[in-house]
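Contents: one structure, followed by commentary.
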Amino acid sequence: MRDAKIETSRLTLRPWAEEDIEQLTQGLNDLKLAKWLAFVPHPYTASHAENWVRRCREISNSSDRPAAYEFAIELRPSRLVIGGVSLNKIDWQAGTAGGGIWIADNHQGHGYGREAFEAKIRFAFRELGLTKLVNGFFDGNENSWAMQRKLGYRRVAEVTSRCMADGRQTIEHVTTLLRSDWERRNN
Ligand SMILES: CC(C)(COP(=O)(O)OP(=O)(O)OC[C@H]1O[C@@H](n2cnc3c(N)ncnc32)[C@H](O)[C@@H]1OP(=O)(O)O)[C@@H](O)C(=O)NCCC(=O)NCCS
């Protein structure tokens with residue numbers, strides 16, 4: 001299933017496109033936000049965004065079972081791109097995947113993160129048939145943990161990690177969600 005598109009009550013999750021470069025750059029060129037993400041450089045320029053969009057297209061065209069689904073989060077009906085959510089490091093054999101999410105600073109706190117993450121989880125378990133999602137959050141990122149906890153993620157480990165944006169080494173709390181637990185909560 002390539003170029004998947006997901007509709008929720010307020011959002012469309014769809015593949016990144018050239019037209020998104022400006023909004024992608026604006027959203028991620030923000031250290032307050034990037035300091036919670038592992039692989040976003042700072043400053044984040046249009047050329048970073050262009051490379052990212054190109055890479056997403058390559059991954060999605062590479063196979064019917066791609067290694068990742070990277071979604072732009074679009075607000076309806078304005079079609080404004082307010083963030084990104086991903087399923088990555090997909091191991092089809094093991095039924096597992098990693099992932100991440102960001103919502104632009106001026107759109108946080110309206111439930112969009114939760115709505116997009118929930119849709120991504122449903123897609124992973126119901127459409128792709130995966131059985132376990134692995135995520136995480138840097139120590140101190142209470143907003144991310146609050147969102148993940150409400151969706152049923154559990155903290156399972158701590159590892160050291162490095163933030164590309166500010167170069168600091170930090171603790172990363174690893175979190176997981178099993179399909180069996182999620183199905184129990186949603187039935
Ligand atoms: C983490 C993030 C994606 C959450 O998205 P969001 O749209 O702001 O979060 P939501 O509005 O959906 O909130 C989900 C829950 O988390 C909590 N929460 C999220 N942001 C909050 C905030 N600013 N203040 C207080 N609580 C917050 C709330 O408890 C909320 O629960 P509710 O649905 O019962 O109200 C967003 O804050 C973000 O992009 N942060 C920077 C990048 C990042 O940390 N990404 C995740 C890396 S692991």
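Read-outs: derived from the displayed coordinates by stated rules, not from any lab. Bear in mind the structure is a predicted one, so any value in this text is a computation, not a measurement. Here the Cβ is made from the backbone with ideal geometry for all residues, glycine too, and neighbour counts use every protein chain on show.
Given the options S86, S60, S47, which has the most mean-square fluctuation in a GNM of the chain, springs set between C-alpha atoms less than 10 angstrom apart?
S47
Can you put T45, T170 in order of Cβ neighbours within 10 angstrom, beginning with the fewest?
T45, T170
Considering every Cα-Cα pair within the range 6-185, what fraction, in whole percent, is farther apart than 20 Å?
53 percent
Between A4, T131, A17, whose Cα lies farthest towards the positive end of the dipole of the chain when Lys and Arg beta carbons carry +1 and Asp and Glu beta carbons carry -1, centred on the Cα centre?
Of the candidates, T131 comes out farthest on the positive side.
Relative contact order for the range 6-185: what percent, with Cα pairs under 8 Å and sequence separation of 6 or more?
The normalised contact order for the range 6-185 reaches 22 percent.
Please find, in a Gaussian network model of the chain (springs between Cα atoms separated by less than 10 Å), the residue of E142, E74, E115 whose mean-square fluctuation is greatest.
Its mean-square fluctuation being the largest, the pick is E142.
Please check the chain for the longest run free of chymotrypsin sites (Phe, Trp or Tyr not before Pro) that are loop-located per DSSP (anything but H, G, I, E, B) and have at most 14 other Cβ atoms within 10 Å.
Excluding the exposed sites themselves, the longest stretch runs over 93-187.
Output wanted: per-residue J couplings in Hz (rounded whole) for the range 119-131, from phi through Karplus 6.51 cos²θ - 1.76 cosθ + 1.60, θ = phi - 60°, x for Gly and Pro.
Per residue, the Karplus-derived 3J(HN,Hα) values read 5, 5, 4, 4, 4, 5, 7, 7, 8, 8, x, 6, 10 Hz.
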